[in-house]
Every structure is written in C-alpha cells, then in structure tokens.
Amino acid sequence: MAEEARYVYSVAKTAIKENLGEIGIEKREVFTIPYKDIAAVVHSCPPQAYDTKDRARAEEWILEHSYVIDQAMKRFGSVLPFSFDVILKGDDSAIAMWLEKNYKILRENIENVQGKAEYTIQIYYHYDDLAGKILEDDAELDGIKTRIGKESKGMAYLLQKKLDQKLKSLVSQKAASLAESSLSRIRSSVDELKTDGRRRTAENYKSLSLLASYTCLVRNDMVARLGEILDEINCQEGFRVRFTGPWAPFSFVDYRELS
C-alpha cells in the first residue's frame, strides 16, 4: 500500500469530524481531523510536495489553497492558516497524534486570533496635492513663486530650486506628521499591529507615494470603528487609504515551536 499523507490547510477550533466537500487543490475532498476541541483541515495526498514548472498551474494551486482557508474561516470562525504545501506523513490517526503533541501551542494561537481577522492598511499621499495646499497656506512660499515670474532667467532658476526644496521638506513633514497621528489612532482600534516595509504599492495607486503600510489583527467588533478612522484620513486632501481584508491571520500566528 502506498504511503499516506495529509495536506494541511489550517487548524480550526472544532471537535467535530466533518467533510467540507471537494473544495481542495485539484478538487480534493477536504475534511477535518479533530483532537479535543481543535481539528486539522486537510485532504489526503501522497507524501510529496506539489511541484510544477507550470506557473499558471502553481498559481491556481495557491488560489485553491487560499479558498479552502477562506471557507474554513466561514465555517469555523478564526483559524490558524498554514502556508502552501505543508504536508504531514501518515493517516488520520497520525495527524491526531500530531495535534495532541502540539495541542498547547496550537490552542494558544487559536485563542489569540479567536474572533479576529487580519487586515492590511496602506496610506498614500499625492505630492502635488499636498504641495499645492502648502503653497496656498504659506505666504513666504507664495511670495517666492510670485517672484519667479518677475526675475531674470538665472535668478528665476535659483528661486525655483529654493521653492522646490522648501516644498519637498514641508510635504515630507506634513506626511510624517499625519503618519504619526494616524498610527496612534489606528493602534487604539486593533489588537496587534506590524509595520510592513516590504509591501509594494498597489497597481491602482502607482501615481501616489506610499506613506505607511501596516498589517493588523482586528477584533470583529472593532472593524467598523477602524473603518471610520481610516475614512477620516482618506477624506483629508492629498491622502488616500487602501484597506483590505478580512484575511486569515497569517502574520499573527507563531509556528516556530511546532514539532
């Protein structure tokens, strides 16, 4: 008989063994393997990695993996998501033994994310909009701008350089001030927050400058409040906010001690 294995999508807080249907990678049947009050969400597979040189197929596998985790969240509430291609050797009893061995760590992680989800926040600013507003409100800069049109070519060039430098500095200061004040307000509405310096600018925001990027763990009953805070920032002239989620809490689970 061929050696068995189980592909692990997530661990959920449920004590029930049940079938979730053929929703897994390549229509595999997904089911739960419980131990006490937690269960692994899995499908049966050979003990080998999902490997392909076909990029489209690989991307499809990842989408299917994410879909199962999303469905598990809808069915069980918050879950502990696993990254793509986590495969444990053995049958259902082996997975139950793995759950038993790691029960304390898995249970603590589930408790930490119970009733919560992960969200991403990106705050952008439009340089020209901010610069224009600052020019309107700053008499000194407005005076320099007026002089540029009246001076000789050489002097106008120097004045323009001076104006650009001052504007750049003031725009940076205003943006930094908003980032600092918004971070304080955002923190008041989330359980955990991580600054994400690696996140790329979203395609629809390419014309803007990324001011700040955060990943947050938010209680379900605080999402509306967080949305109100972000709406206020988004309504400020020159600023735009991108708020996405809910996602499975990949950024807020710790599997380092699992064995």
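What follows is calculated from the coordinates using simple rules that are stated; it is not laboratory data. Because the structure is a prediction, the values reported are computed rather than measured. Every residue, glycine among them, receives a Cβ derived from its backbone with ideal geometry; neighbour counts consider all protein chains shown.
The table that follows gives values for the structure above.
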read-out: Ranked Y157, Y35, criterion: other C-beta atoms within 10 Å, fewest first; value: Y157, Y35
read-out: Hydrodynamic radius by Kirkwood, which averages 1/r over all alpha carbon pairs of the chain, in angstrom; value: 21.8 Å
read-out: Most fluctuating residue given options S66, S189, S93, as computed from a GNM of the chain linking Cα atoms under 10 Å; value: S93
read-out: Kirkwood-Stokes translational diffusion coefficient of segment 107-149, alpha-carbon pairs, 25 °C, 0.890 mPa s, µm²/s; value: 168 µm²/s
read-out: Anisotropy class of segment 117-252 from Cα gyration tensor, a/c 1.5 cut; value: prolate
read-out: Cα centroid separation - segment 176-230 against segment 114-158, whole Å; value: 22 Å
